[in-house]
Amino acid sequence: MILEFDNCRLSNEQVLGEVDGGFEVMNTWLYATRITVAAMSVGRARRCFEYALNYSAERKQFGKSIGKFQGVSFQLADMITEIDAADLLTLSSAWKLDQGMSANREIASAKLYASEMLARVTDATLQIHGGMGLMNDYPIERFWRDARVERIWDGTSEIQKHIISRELLRPLGS
């Protein structure tokens, strides 16, 4: 169902915030939800990483755990580094917002990086699990599918890049 409001008039008392200030109200709300998406992405990635780490330690191939192979161990190192980086970006942006400081760029950066990181971590976890990762018996396939939507809501990755670049260029008059 689509609601359309043409030539609709409201009294000033019925307006949330200030008249013609709806975009500002929306942006204030989006700051918090974008930080929430970033934090949830970090949490999901950590959970997914635990599966990859445990599986890498337990799964044996050629007489040793697959985590001992450089191809897998380097993936694990990359995954935890990206998770920690996204976590710090998220915490930093939340702190700035909490302090009443301008944090638009930082929030967009946290949301962008964390949601894209989640996609990379779930993909690597699936790769480490091989075909077993796609089985319904493991939660990996669900993490992998769910990771996609985080890059879309509360502003797509492209929107976040636009916000970041705009915040960088505006002070320079561009």
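The values are calculated or read from the model by the stated rules, or taken from the named source; none is laboratory data. Keep in mind that what you see is a predicted model, and the values were worked out from it rather than measured. Positions of Cβ are backbone-derived with ideal geometry, glycine not excepted, and every protein chain shown enters the neighbour counts.
Okay, here's what the table says:
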{"quantity": "Boolean, R170 is charged (D, E, K, R), over 14 Å from R34 (Cα atoms), part of a helix (DSSP H, G or I) and in contact with a Ser or Thr (Cβ under 9 Å, 6 or more places away or on another chain)", "calculated": "no"}
{"quantity": "Test: residue in the range 91-100 that is among the basic types (K, R), touching a Ser or Thr at 6+ places or on another chain (Cβ under 9 Å) and without any contact (Cβ under 8 Å) to a residue 40 or more places away in the chain", "calculated": "yes"}
{"quantity": "Number of positions in the range 50-71 that are within 15 Å of D123 (Cα to Cα) and surrounded by fewer than 20 Cβ atoms within 10 Å (Cβ to Cβ)", "calculated": "4"}
{"quantity": "Out of T156, T122, sole residue that is among the hydroxyl-bearing types (S, T, Y), closer than 30 Å to E58 by Cβ and either in contact with a helix residue (DSSP H, G or I) (Cβ under 9 Å, 6 or more places away or on another chain) or surrounded by fewer than 15 Cβ atoms within 10 Å (Cβ to Cβ) (or both)", "calculated": "T122"}
{"quantity": "Test: residue in the range 67-81 that is outside any helix (DSSP H, G or I) and free of Cβ contacts under 8 Å to residues at least 40 places away in the same chain", "calculated": "yes"}
{"quantity": "Total residues in the range 139-156, condition of a type in the set (D, E), under 18 Å from T33 (Cβ atoms) and assigned to a helix (DSSP H, G or I)", "calculated": "2"}
{"quantity": "Any hit, the range 127-138, residues being among the small types (G, A, S), crowded, with 17+ Cβ neighbours inside 10 Å, in a helix (DSSP H, G or I) and modelled with pLDDT under 95", "calculated": "yes"}
{"quantity": "Evaluation of D87 against (1) surrounded by 13 or more Cβ atoms within 10 Å (Cβ to Cβ); (2) within 20 Å of M132 (Cα to Cα) (one fails), failing number", "calculated": "(2)"}
{"quantity": "Conditions (1) more than 16 Å from V37 (Cα to Cα); (2) in contact (Cβ under 8 Å) with a residue 60 or more places away in the chain; (3) not in a loop (DSSP other than H, G, I, E, B); number of the one not met by S115", "calculated": "(1)"}
{"quantity": "Residue check, I159 in a helix (DSSP H, G or I), more than 13 Å from S41 (Cα to Cα), more than 18 Å from the chain's Cα centre (by Cα) and among the aliphatic types (A, V, I, L, M)", "calculated": "no"}
